[in-house]
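S.K.: Attaching a single structure in structure tokens format; questions to follow.
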Amino acid sequence: MDNTTITAIGIGALVLGIIIGYVINRYLLNAANNKMVEAARIKADSLVQQAELKAENIKQDRINKANQRYQQLKAKFEKEAKKQKEKLDAWQSKLKQKESHLNSREDKLRNEAQKIKSLQGQLEASKENLSKQLSILERKQEEIEQLRQKQVQELEKIAGLSAEEAKTKMVEALREEAKTQANAYIKDIIEEAKLTASKDAKKIVIETIQRTAAEHAIENTVTVFPLENDEIKGRIIGREGRNIRALEMATGIEIIVDDTPEAIILSGFDPVRREVARLSLHRLVTDGRIHPARIEEVVKKTSKKVEEEIIETGERTIIDLGIHGLRPELIRMVGRMKYRSSYGQNLLKHSREVANLCAVMAAELGLDVKKAKRAGLLHDIGKVAEDHSDLPHALLGMELAKKFGEPADVCNAIGAHHDEIEMTSLISPIVQACDAISGSRPGARREIVESYIKRLKELEELALSYPGVMKTYAIQAGRELRVIVESEKVSDEKADELAFNISQKIQTDMQYPGHIKVTVIREKRAIAYAK
């Protein structure tokens with residue numbers, strides 16, 4: 001064979017191989033595709049089933065949620081409907097009640113109207129009857145007047161005197177009789193006045209003394225305890241404050257340790273407790289041993305010592321004043337006065353002074369000196385009572401005096417010395433006046449003259465700041481402010497308003513003891529000149 005034939009056969013074989021390879025490849029590719037298609041179809045069917053199942057689950061879940069939401073909304077609606085129904089029922093019951101109330105009121109008004117009509121009828125009948133009786137009465141009066149004139153004429157004929165002459169003689173006779181009776185009456189009055197003159201004079205003297213009474217209010221509730229140096233403060237406080245807590249617990253007094261140099265403050269309303277704390281602290285600082293056990297021991301001993309001193313002071317006081325038969329409880333209260341101050345003045349010294357003043361005044365007036373002295377000493381025992389009460393100290397002292405068997409005159413004097421109750425004996429105003437004399441004595445109480453004068457000036461200047469005020473006067477030791485206004489600028493209604501405004505301004509802007517009475521005076525003067 002030649003090369004051409006061989007080449008042609010090779011090319012034909014190559015083409016045939018290519019064709020057979022292509023056919024085989026297509027066959028194999030179709031077989032593979034068929035398998036892939038079948039697998040894809042199976043997978044697609046599976047996915048469709050899963051999707052259908054998932055969609056069914058989602059659908060069922062949505063249906064369940066929708067049912068639950070429906071049930072919730074239904075329950076909420078039913079609850080709201082029930083509430084609205086209850087409100088409606090309540091309103092209906094209220095309307096029925098109001099309707100029944102209105103019906104009852106309508107019935108009452110109808111009955112009242114009927115009663116008024118019947119009363120009007122009765123009134124008309126009474127008017128007619130009254131008019132008839134008045135006409136009868138007028139006729140009777142005319143007849144009586146005619147009879148009187150006739151009798152006067154007959155009497156004039158019989159007596160031979162006219163009515164005027166008889167009247168003149170009768171008046172003269174009555175005048176002489178009246179003079180005689182008046183002289184006898186005057187004589188009786190003079191005799192009675194002589195008998196009661198002494199008692200009336202005593203009342204006048206006492207009322208005059210009462211007008212000088214004054215009132216102040218300053219209280220002291222702290223005690224300053226001096227120290228040698230500030231190092232002692234740390235020992236008093238103790239580790240983590242245990243010493244100061246033990247002191248406060250044992251004494252019942254608040255101990256204030258601040259930046260005040262070489263001093264600490266004992267604060268408390270009970271003066272006896274403050275004194276116990278002061279003496280205990282002094283003993284502890286002097287001894288140097290400060291710890292909780294030692295503190296309790298020292299406070300216990302100091303309390304016992306102070307109690308003994310209170311009783312001793314009370315007994316010594318009543319012996320010095322010559323007062324007998326006082327109950328032990330009252331003696332102890334008198335002793336407690338030593339540790340109490342009244343407006344900066346020692347209460348025991350003040351009470352002793354009042355007792356002596358009462359004795360002198362009662363002797364001058366011829367009254368019972370012993371009772372007066374007793375009432376003067378006990379007049380402030382309400383300030384040292386251990387039982388806390390809402391009563392003022394005067395009334396509390398009166399209750400204590402009654403409890404421990406004091407006479408009625410003494411109890412009334414104690415309770416009335418600040419006008420909380422009515423005075424029923426002559427000893428009461430004496431105690432009140434002597435209390436004022438002891439407290440207002442120069443130097444007795446804390447308020448100095450400069451601060452007193454400054455307060456009065458501020459009081460007058462405060463009132464002068466209001467429009468229409470012409471003059472102001474602070475009187476009664478600053479307990480009364482009189483404000484004189486111009487009548488053209490301030491009316492009567494504005495005067496009341498001005499008094500209230502000034503009192504409120506004083507209350508908010510000033511510090512003062514007791515009460516201040518504000519009196520606004522509006523005076524209108526009409527002046528004319530005769531030429």
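S.K.: Is it true that some residue in region 248-263 is of a type in the set (Ser, Thr, Tyr) and at pLDDT below 75?
M.R.: yes
S.K.: Return the pair list, or none, for Cβ contacts closer than 6 Å from residues in region 285-300 that are part of a loop (DSSP other than H, G, I, E, B) to residues that are aliphatic (A, V, I, L, M), at least 6 apart or on different chains.
M.R.: ILE290/LEU284
S.K.: Checking the structure you have, find out if any residue of region 373-384 is outside any helix (DSSP H, G or I) and either crowded, with 23+ Cβ neighbours inside 10 Å or in contact with a strand residue (DSSP E or B) (Cβ under 6 Å, 6 or more places away or on another chain) (or both).
M.R.: yes
S.K.: If a residue has to be open to solvent by 10 Å² or more (accessible area, probe 1.4 Å), free of Cβ contacts under 8 Å to residues at least 60 places away in the same chain and in a helix (DSSP H, G or I) to count, how many in region 362-372 make the cut?
M.R.: 5
S.K.: Those residues that are open to solvent by 20 Å² or more (accessible area, probe 1.4 Å) and under 19 Å from LYS524 (Cα atoms), I need them from region 474-486; list them, please.
M.R.: ARG482, ILE484, GLU486
S.K.: Step by step: first the residues of region 404-461, then only those that are of a type in the set (Val, Ile, Thr), in a helix (DSSP H, G or I) and at pLDDT 85 or above, then the one that is farthest from ALA372 (Cα to Cα). Which residue is that?
M.R.: Filtering region 404-461 for residues that are of a type in the set (Val, Ile, Thr), in a helix (DSSP H, G or I) and at pLDDT 85 or above, the one farthest from ALA372 (Cα to Cα) comes out as ILE414.
S.K.: Right, here's the next one. Name the single residue, out of those in region 394-416 being among the small types (Gly, Ala, Ser) and open to solvent by 50 Å² or more (accessible area, probe 1.4 Å), that is farthest from GLU329 (Cα to Cα).
M.R.: Going residue by residue through region 394-416, those that are among the small types (Gly, Ala, Ser) are 394, 397, 401, 405, 408, 413, 415-416.
Okay, now just the ones that are also open to solvent by 50 Å² or more (accessible area, probe 1.4 Å), so 405, 408.
Details: GLY405: 11, ALA408: 18 Å.
Within region 394-416, the match that is farthest from GLU329 (Cα to Cα) is ALA408.
S.K.: Mind listing whichever residues of region 1-32 are open to solvent by less than 90 Å² (accessible area, probe 1.4 Å) and not in a helix (DSSP H, G or I)?
M.R.: Within region 1-32, ASP2 is the sole residue that qualifies.
S.K.: Of all residues in region 499-520 being closer than 24 Å to GLY439 by Cβ and part of a helix (DSSP H, G or I), which is modelled with the lowest pLDDT?
M.R.: GLN507
S.K.: Filter region 249-283 down to the residues that are among the acidic types (Asp, Glu) and open to solvent by 60 Å² or more (accessible area, probe 1.4 Å) and list them by number.
M.R.: If the condition is that a residue be among the acidic types (Asp, Glu) and open to solvent by 60 Å² or more (accessible area, probe 1.4 Å), then GLU254, ASP258, ASP259, GLU262 are the ones that fit.
S.K.: So, LEU326, is that one part of a helix (DSSP H, G or I) and either of a type outside the set (D, E, K, R) or closer than 23 Å to ASP435 by Cβ (or both) or not? Talk me through it step by step, then tell me what you get.
M.R.: Values: part of a helix (DSSP H, G or I): no; either of a type outside the set (D, E, K, R) or closer than 23 Å to ASP435 by Cβ (or both): yes.
So LEU326 does not fit the description; no.
The values are calculated or read from the model by the stated rules, or taken from the named source; none is laboratory data. The structure presented is a predicted model; accordingly, all values stated were derived computationally and were not measured. In this analysis, Cβ positions are derived from the backbone assuming ideal geometry, glycine residues included, and neighbour counts consider all displayed protein chains. Remember, those area values only see protein heavy atoms, side chains included, never the ligands or the DNA or RNA. Shrake-Rupley method; radii C 1.70, N 1.55, O 1.52, S 1.80 Å.
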